[in-house]
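> I'd like to ask you about the structure that follows.
The values are calculated or read from the model by the stated rules, or taken from the named source; none is laboratory data. Quick caveat, the model's predicted, so the values are computed rather than measured. Because the Cβ atoms are built from the backbone with ideal geometry, glycine has one as well, and the counts that use them run over all protein chains shown.
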Amino acid sequence: MNTEPTAIKPPKIKKTQNYDKFNLIDWNRSIHKNNVDSLVNENKKEFKMHLFPIVVDSDLNIIDGQHRFTACMENEWPVYYIEKENVEEYYEEITSVNRAGRKHTMLDKFEMVRKKGEVSAERIYNCYLSLKGFYTLSTVIKMLTAKGTGGGLQYDLDRGVVKLHRNYPDIFNSMVLIKENGNKDYSRDGFMLSLKDVSTESNIQIGDLVSKILKTGVVVRVGMSREFLRESIKKAWNLNRKRNRIAGV
């Protein structure tokens, strides 16, 4: 019986200066000038683009490496690339870490999922727009999404998925209430995230917590830590530890 491992043929790295043959994908993250400039400066000192070829599909759509491609094109450097014949898992390919550049942030991943047409991502983004900048997009995403499976939100985004929280209408309405009725310090993103923490821990709806907070006038000041904010919210509801769980009394 032959136990020799099957030889894996490494992909062929191609080289060209015909930049027009490549296509940027619409739903990819936006190109960041600082990232391109960083790549240019690094490669002017020591050219290493051949060590990090871009990845394209059979139609020469750039799956991974749009910043490296842009740096090469702007400086008339040759582009080193690998063609992937099977791109069924292209989304995971594009969310891989770019060793030569900037890592994909949670917002980068979310934007790619949204541009790809994911309905839940578009719904969250519309909620963010309707709040007119009162909260950061990052906070709106974290508030309105479910905890996720496996590795949580980042894990879901890596797979091109956005899962809405089962109570997302209640959460969104609560965010609107704080925006319209809370004092200016309630605009702090940490306060809303603390509300979600307490809601999850105590199994009390965020809407109920917000109503109680607005009624009792919980003091929230700039600079409060998330831990202190959580304790202030619990105090408003008169939450105490009983039998190793949070219970309303």
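> Evaluate the following for Glu42: is it in a helix (DSSP H, G or I) and either modelled with pLDDT under 85 or loosely packed, with under 13 Cβ neighbours inside 10 Å (or both)?
Numbers: in a helix (DSSP H, G or I): yes; either modelled with pLDDT under 85 or loosely packed, with under 13 Cβ neighbours inside 10 Å (or both): no.
So Glu42 does not fit the description; no.
> Sticking with this structure for a sec: Quick check on my filter: what residues within region 204-223 are within 31 Å of the chain's Cα centre (by Cα), charged (D, E, K, R) and either at pLDDT 80 or above or not in a loop (DSSP other than H, G, I, E, B) (or both)?
If the condition is that a residue be within 31 Å of the chain's Cα centre (by Cα), charged (D, E, K, R) and either at pLDDT 80 or above or not in a loop (DSSP other than H, G, I, E, B) (or both), then Asp208 is the only one that fits.
Conditions tested, residue by residue: (1) more than 23 Å from Asp158 (Cβ to Cβ); (2) in a loop (DSSP other than H, G, I, E, B); (3) at pLDDT below 85.
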site	(1), (2), (3)
His50	yes, no, no
Val55	no, no, no
Asp59	yes, yes, no
His67	no, no, no
Tyr80	yes, no, no
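> Residues of region 26-74 being within 26 Å of Gly160 (Cβ to Cβ), touching a strand residue (DSSP E or B) at 6+ places or on another chain (Cβ under 7 Å) and touching a residue at least 40 places away in the same chain (Cβ under 8 Å), which ones?
Listed by number, the residues that qualify are Pro53, Ile62, Phe69.
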